[in-house]
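One structure below.
The values are calculated or read from the model by the stated rules, or taken from the named source; none is laboratory data. These figures come from a predicted structure and were not determined experimentally. Here the Cβ is made from the backbone with ideal geometry for all residues, glycine too, and neighbour counts use every protein chain on show. Areas reflect the complete protein model, heavy atoms only, side chains present, ligands, DNA and RNA absent. Shrake-Rupley method; radii C 1.70, N 1.55, O 1.52, S 1.80 Å.
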Amino acid sequence: MDNKILGNFIIAFPPAAYITYTIVMKEPNSGIDWPSVVLSGLIAMVSYAIGKRIKNKGEAE
């Protein structure tokens, strides 16, 4: 698999999967779940950092 495709998948999939999970499991009219918002932000930052390292692997820095 190409590093760019794999990097883009790692950047996009974990936050999308977690957000989808929280939307499906959320009770109706429960409002904003702030710990979930913070956790999804942390997941997005970590997956972005890992995805960028994979995409840039083998290129000159």
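Data for the structure
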quantity	calculated
Residues of segment 2-54 satisfying the condition of being more than 15 Å from the chain's Cα centre (by Cα) and not aliphatic (A, V, I, L, M)	D2, N3, K4, K26, E27, P28, N29, S30, G31, D33, W34, P35
Residue within segment 40-55 that is at pLDDT below 90, small (G, A, S) and surrounded by fewer than 12 Cβ atoms within 10 Å (Cβ to Cβ) present	no
Tally of residues being of a type in the set (F, W, Y), touching a Ser or Thr at 6+ places or on another chain (Cβ under 9 Å) and more than 25 Å from G7 (Cβ to Cβ) across segment 17-44	0
Conditions (1) part of a helix (DSSP H, G or I); (2) under 28 Å from N3 (Cβ atoms); number of the one not met by K57	(1)
Every residue from segment 1-37 that is in a helix (DSSP H, G or I) and of a type in the set (G, A, S)	G7, A12, A16, A17, S36
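Results for (1) without any contact (Cβ under 8 Å) to a residue 24 or more places away in the chain; (2) open to solvent by 50 Å² or more (accessible area, probe 1.4 Å), shown as yes or no for each residue.
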position: L6; (1), (2): no, yes
position: I11; (1), (2): no, no
position: T20; (1), (2): yes, yes
position: I32; (1), (2): yes, yes
